[in-house]
Amino acid sequence: MHLEVELAQKLVSGLKQARIDLVTYLPEIRLSQILPLLRDDPAFTLVPVASESEAVTIGAGAALTGKQVAIYIECTGLYVSCYTLVSIARRYGVPLLLIVGYLGSMADQRNNSVYAVSGTYVEPLLQALQIQFQVLEDGERLEADIQDAVRQMHALKLPVALLFSGDFTR
Amino acid sequence: MIRFDCLKLLEPRITDQLVVTSLSGQKIEWASLSQHPGNLLVGTMGTALGVGIGLAIGLPQRKVIVLESDGSVLLSLFNLATLANLDPKNLIVFVFDNQVYSGTRISEPTATAGKTDLTMMARGAGIEQATTVRDLATFEQEMETALNGTQLKFIVCKIDESVAHREITRTDLDPLENKYQFVRYLERTEGRPIFRGRG
């Protein structure tokens, strides 16, 4: 099973409606169906990276030129990118939308012993980093949730995270 | 060759290029030479190159210059592979390689003091225009080629350790102040807003 095509389309459509136009990413397993959709849509510039750490620095650089940036990573990538989230995104105050596959969360439909422990620390970590977040388990309000998060990141001039669990992890 | 002499050659050549600095020594030296609003004085290890790549992607018509160091590049080696594959033609990277972690104040050696060659690593990552310079005349020649060219350049400058920056008064530019100065400069020169959201 994979992320339903309809849900993936809705997610990408939501990003587009929120005027996201550049996505840095290190692919993961739960939301990967969005990548071909993003790649096929000329509204998006896709920037593949080799580490979530540089997903943040490259995204921050692009955001400072006026790009509307989303960073698509696995939740374990939050651990990898802690340093750049603090030293660049937070220290400089850069609006970035974190699109996070929330592996190991309670509602992760494919949760297992590989991910569960990693998932345990995600929300406390974001709280420690003072990054606002919302956990999404279904696509009911998806486009509105993305709009809300983007509006908040611009108002704060800081990263804001959407954690995708539940139906997004089937 | 010392870094400050290289930077003294670079500074008069800056017009509308954007300059991103890495950590303390070169940040202090560059800020003392240049108060250009297109300076982004990042000043943390392993982050300047990534930020510079992002700027170069966001403004492909504009030259972006990143001032890096050996210790900083070594901390984020994944940048090399990403940089090679993105291949931003408008990006120039100077890596001032003094082979020590100068900021430690005990000159602890970096890997480039041993067997590691950053130019070879950059080439191995796929950055074709990676080169090493060892004297000021060659630095100036490579700098001019890079500034006038339309290719990604990665120039490793083998320098002697210098602690001259410790005698320079540090800039008091706060990161947030620096960001807004930089962003407003881009808004003026690019003719469009950068940040969204209601004030």
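The values are calculated or read from the model by the stated rules, or taken from the named source; none is laboratory data. Just so we're clear, the structure is a prediction, and the values are computed from it rather than from any experiment. Quick reminder, even Gly has a Cβ in these numbers, built from the backbone with ideal geometry, and neighbours come from all protein chains shown. Heads up: the accessible areas ignore ligands, DNA and RNA and are worked out on the full protein's heavy atoms, side chains in. Shrake-Rupley method; radii C 1.70, N 1.55, O 1.52, S 1.80 Å.
Listed values, structure above:
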{"quantity": "Loop-located GluC sites (Glu not before Pro) in the stretch B:25-131, at most 16 other Cβ atoms within 10 Å (DSSP)", "calculated": "B:Glu128"}
{"quantity": "Residue-normalised accessible area of the stretch B:74-199, given per residue in Å² at a 1.4 Å probe", "calculated": "54"}
{"quantity": "Highest-MSF residue in chain A out of A:Ser113, A:Ser105, A:Ser53 [GNM, Cα springs under 10 Å]", "calculated": "A:Ser113"}
{"quantity": "Accessible surface ranking that places the most exposed of B:Arg123, A:Arg39 first, with a 1.4 angstrom probe", "calculated": "A:Arg39, B:Arg123"}
{"quantity": "Centre separation in Å (Cα based) which lies between the stretch B:32-62 and the stretch B:99-123", "calculated": "22"}
{"quantity": "Percent breakdown of C-alpha pair distances by 10 Å bin, ordered from the shortest bin, for chain A", "calculated": "11, 45, 38, 7, 0"}
{"quantity": "Residue with peak Gaussian network fluctuation, chain B [Cα springs, cutoff 10 Å], from B:Leu77, B:Leu40, B:Leu152", "calculated": "B:Leu77"}
{"quantity": "Shielding by partners - mean other protein chain Cβ count within 10 Å, residues of A:46-54", "calculated": "6"}
{"quantity": "Accessible area of B:Ile155 in the full protein assembly, 1.4 Å probe (Å², nearest 10)", "calculated": "0"}
{"quantity": "Phi to ³J(HN,Hα) by Karplus 6.51 cos²θ - 1.76 cosθ + 1.60 over the stretch A:63-70, Hz, x for Gly, Pro", "calculated": "5, 6, 9, x, 6, 9, 10, 10"}
{"quantity": "Dipole magnitude of chain A about its Cα centre (Cβ charges: Lys, Arg +1; Asp, Glu -1), debye to nearest 20", "calculated": "540"}
{"quantity": "Buried solvent-accessible surface, both chains (B, A), 1.4 Å probe, Å² to nearest 100", "calculated": "2600"}
{"quantity": "Calculated over the stretch B:17-65: convex hull of Cα atoms, volume per residue (Å³)", "calculated": "56"}
{"quantity": "For A:Leu98, distant residues with modelled amide H under 5 Å away", "calculated": "A:Ile71, A:Val160, A:Ala161, A:Leu162"}
{"quantity": "For the stretch A:77-170, with +1 on Lys and Arg beta carbons and -1 on Asp and Glu, the positive-most of A:Leu162, A:Val94, A:Gln130 along the dipole", "calculated": "A:Val94"}
{"quantity": "Dipole in debye (nearest 20) - chain B, about Cα centre, beta carbon charges: Lys, Arg +1; Asp, Glu -1", "calculated": "660"}
{"quantity": "Sequence of A:Met153, B:Met120, B:Met1, A:Met106 from largest to smallest accessible area, 1.4 Å probe", "calculated": "A:Met106, B:Met120, B:Met1, A:Met153"}
{"quantity": "Computed magnitude of the charge dipole of the stretch B:1-50 (debye, nearest 20; Cβ of K, R +1, Cβ of D, E -1)", "calculated": "60"}
{"quantity": "For the protein assembly as shown, with +1 on Lys and Arg beta carbons and -1 on Asp and Glu, the positive-most of B:Gln26, B:Thr47, A:Ile71 along the dipole", "calculated": "B:Gln26"}
{"quantity": "Distant-in-sequence amide H partners of A:Thr45 (H built 1.01 Å from N, under 5 Å)", "calculated": "A:Leu22, A:Val23"}
